[in-house]
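Every read-out reported here was derived from the displayed coordinates using simple, explicitly stated rules and does not represent laboratory data. Source: prediction; values computed, not measured. Here Cβ is always computed from backbone atoms with ideal geometry, including for glycine, and neighbour counts include all displayed protein chains.
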Amino acid sequence: MKKAYIFLADGFEVIEALAPYDVFCRAGFDVKTVSISNKKQVAASNKIKVEADFLISEVKDFDQADLLYLPGGYPGYENLGNDPKVGELAKKHYESGKILAAICGAPTVLLKNGIGFGKNVTSHSCCKDEMSTKYNYTGNFITRDGNLLTCIGAGHSVDFAICLAEILGGEAAVTKVKKGMELK
């Protein structure tokens, strides 16, 4: 069974975190949310409160994950980028060749932590100039460069999650997800 962790920081974008959670569950993955603070309840950018499965300090098997996923949302992506543990885990995961995914403003976490410089990436347009300093900014909805996947923003959350589900679980996982969501 594929294992995925979704990091949650105060100010995260609901659809960017929970749409992938839903898709990954439908694909049959072991998916867990991780609060980067010292409390499990995390407030989204629109003030919806979500109870994370774990605190970051409780998880001991990040190295067993197939996917680490960083949602955007303001100021959530800044909170992720300013957390040294998130940066350390993301960098180690990426360097081990496993899938690292970031959406919206969360690709700036890569920039702040020296991850994948020179790679092709996309992000929310508000981060384009910043990302263009160390990356080849594509502006595409979804960009994959090796084991690094980035997405432009919230409106593409489901498509991004399905793309990740296909990479990790193959066509069978995507078929299962699409059938359950009434997608063609």
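Cβ-Cβ distances below 9 Å connect the following pairs, each with a first residue in segment 1-16 that is free of Cβ contacts under 8 Å to residues at least 60 places away in the same chain and more than 11 Å from residue 70 (Cβ to Cβ), a second residue that is surrounded by fewer than 24 Cβ atoms within 10 Å (Cβ to Cβ) and not hydrophobic (A, V, I, L, M, F, W, C), and a separation of six or more residues or different chains: 1/28; 1/30; 14/45; 14/46. Could you list, in sequence order, the residues of segment 1-14 that are of a type in the set (Val, Ile, Thr) and crowded, with 21+ Cβ neighbours inside 10 Å? Across segment 1-14, the qualifying residue is only 6.
The single condition from (1) within 16 Å of residue 22 (Cα to Cα); (2) in a strand (DSSP E or B) that residue 159 fails is (2).
Take the residues of segment 83-100 that are without any contact (Cβ under 8 Å) to a residue 40 or more places away in the chain and out of contact with any helix residue (DSSP H, G or I) (no Cβ under 8 Å at 6 or more places or on another chain): which is surrounded by the most Cβ atoms within 10 Å (Cβ to Cβ)? Among those residues, the one meeting the criterion is 91.
When restricted to residues that are touching a residue at least 24 places away in the same chain (Cβ under 8 Å) and not hydrophobic (A, V, I, L, M, F, W, C), segment 17-49 contains 11. The residues of segment 93-139 that are under 17 Å from residue 69 (Cβ atoms) and among the hydroxyl-bearing types (Ser, Thr, Tyr), listed by number, are 94, 96, 108, 122, 123. Within segment 1-22, take every residue that is in a helix (DSSP H, G or I) and aliphatic (A, V, I, L, M) and give me the one that is nearest to residue 155 (Cα to Cα). For segment 1-22, the residue satisfying everything is 15. Of the residues making up segment 163-179, just one is surrounded by fewer than 21 Cβ atoms within 10 Å (Cβ to Cβ), touching a residue at least 60 places away in the same chain (Cβ under 8 Å) and either of a type in the set (S, T, N, Q) or touching a helix residue (DSSP H, G or I) at 6+ places or on another chain (Cβ under 6 Å) (or both), namely 174.
Going through 150, 133 one at a time, which residue ends up being surrounded by 15 or more Cβ atoms within 10 Å (Cβ to Cβ), outside any helix (DSSP H, G or I) and of a type outside the set (A, V, I, L, M)?
On the way: 133 fails: surrounded by 15 or more Cβ atoms within 10 Å (Cβ to Cβ).
From the options 150, 133, the qualifying one is 150.
When 103, 115 are screened for being hydrophobic (A, V, I, L, M, F, W, C), under 20 Å from residue 8 (Cβ atoms), in contact with a helix residue (DSSP H, G or I) (Cβ under 6 Å, 6 or more places away or on another chain) and in contact (Cβ under 8 Å) with a residue 40 or more places away in the chain, only 103 passes. Scanning segment 23-82 for residues that are in a strand (DSSP E or B) and surrounded by fewer than 14 Cβ atoms within 10 Å (Cβ to Cβ) returns 41, 49, 51. For segment 98-106, the criterion of a residue being touching a Gly at 6+ places or on another chain (Cβ under 8 Å), of a type in the set (Val, Ile, Thr) and part of a helix (DSSP H, G or I) is satisfied by no position.
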